Every structure is written in C-alpha cells, then in structure tokens.
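Input: a single structure, listed below in structure tokens.
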Amino acid sequence: MMVKKRHDFSREIPAVPFAAPAGTPAGVEVMSLAELRRRVCEDTLGRPQRPDFHHLLTLSAGELRHVVDFDGCTLRPGSWLWVRPGQVQQWGDLTKAEGTLILFRQDVLDPATATAARVDDPYAPAVTVPLAADAEAVMLAAEHLSREFWALGQLPLDVHVVALRHLLAVLLLRLSHLTTPPAGPAPEPDETYLRFRDAVERHFTTTRRVEDYADMLGYSSRTLARASLAGAGISAKEFIDRRVVLEAKRRLAHGDETAAQISDHLGFGTPSQFSKYFTQRTGSSPIDFRKGIRGRAGDESQPTAPRIRR
C-alpha cells in the first residue's frame, strides 16, 4: 500500500512541447474542441500540464471549467482564455463545450508585435470577455486566422506562413487592447509599481525583503508599499510572497523535485524554513499540497489534460 501511494504521488505534470502539423512550420495550429477531444489520451485524463506554448480558447457553445495556476475559471461563449507558457493548466469536461483552440509558439511573432500584444505579461488575466464593441472584431480575426490555417496549399507555403503570422498578430493585438468598460478604465499602474513588479519577477528567488527591492530601485520601502497598494491592492511584502508561493506551487505540482530542492531554488536557508513559510501562507505543508494536487489529478471527475499532436 505504501509503495503504491508513493508511486501515485510521484507522477509529473507533463511539460508539453509544441509540434506543428505536417506542412505547416509556422508554429501555429488551429483546431476545434471536437478535434481536441479526439486527441485526448486515456493516460492523461485528470492530469494538469505545463505547456511551453500559448493557448487561446474561445467557446461557441456550452460551458467549460478550466484551472490556470491553481485558480479555477468558467468559460462561456464570448469569453477568451489565454494560457501562457510556464503556467500550469488543467482542463475541464470537454464534452460540455464546443469552440476553437489556437496554439502558437511565441517565436512566430516579431519582437515589436510580442511587446505590443503583451504576450510576456505574467500578470495578465487568464480570462477576458470583450465588450460588444470589440467582440465582433476579435471573432472576425479568429475566423480569418482559422480559414487561412485550413487553406494550406492555396498559397505558396512561405506566403501561407507569413499570412498566418500576420493574422495571429491581429488577433493578439485586438485581445490585448480591448475597449474599456462603461465604468471607465482602471487607473494605469504608475512607473514605480511597474518597476517593482518587474524587479520581483527577476529577483524573487534571491530576496523576499521589501528593503532589498527599495535599494535596487532607488526608492524607499514606504514608496514601494504605496505603489504596490495602488497597483495591486496588496502590500509590497504580500506581492513578493504571492509570487514566491506561486512558483513553489508550480514546482511542487509540476515536477519531482524534493521540498529541499525547491527550498534551495527559492533562496531559503533551510527546508524547514521553506516549509514553515509555505504552510503559513497556504494552510498546507509542501508535501500535503503536492499530495493533494496529484491526488486530484488522478480523479477522473477532475479536468483532463490533452495530448497535443506530435
């Protein structure tokens, strides 16, 4: 019994690479959810995954429950899901929804487009619901991309690839620059918050002290505290801690690193220090969190993870 239990909890979340369909070396693929259901393998049922490529999903009918970085969301027609590389995702019951899935590698975009479309933004919401003013334009862009994808052979291959890249760029730019709601746009984060946020993303594995970020950015700790509260609604220390905990969760769920190895990667002095830190902020020890997420992945009533065509 104990050996079986240990085996069950040691399963890794697969890191799924992108493989373009034959004849389309553009790093882009468009498919229906019906096609995705045909690709789901029994051995991946109920398991999360961590793809190294982008997922864009919109529904035409039904409802789909999806989990991104351990937060659940419900998709309905008109909403768009964007899962970025490195995020851990888990699929819901695909039999209850129809729609379109667009997969793409980031290197198909030129740097200027990638920047304008904010594809690297780790704080972007996973789910977006365009207002009526944008919904039609977004759907037209997606439809045009889909038609071009399935029109393989009607143009020279190099021209087809260029067309796919441009049409994908239009869709991403539309999605990342939607009309603001009637209540008005949210205040733009100020430069201090953006610099703090970027610094945390670069250095959260080496320091969790607000004072260290203040020193490296040339601000006072009080200035960072005000900027974080205005930009994220939480204290600067809480902002740092949430990023550390998210990375810990990803590694506990995704791989087979020991808690001691994760502790070392995240810059803790000892595994016990990491365990106490994680438990205080999640209500669960690192080992119990791993067992819980792996246990849920083995329950067939939980979301399923598709195998992307090789």
Inset, instruction - Would you mind computing, in nm to one decimal, how far apart the modelled labels at residue 288 and residue 120 are, each placed 7 Å from Cα along Cα→Cβ? - result: 3.9
Legend entry - Label-to-label distance, nm, for residues given as residue 131 and residue 152 (7 Å Cα→Cβ offset): 4.0
Legend entry - When the convex hull of its Cα atoms is projected in every direction, mean area for region 191-297 (nm²): 6.9
Legend entry - Förster-model FRET efficiency, 30 Å R0, residue 273 and residue 63, C-beta, rounded to 0.05: 0.10
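Read-outs: derived from the displayed coordinates by stated rules, not from any lab. Predicted, not measured: the structure shown is a model, and the values here were computed from it. As a convention, Cβ positions derive from the backbone with ideal geometry for all residues, glycine included, and neighbour counts pool all protein chains shown.
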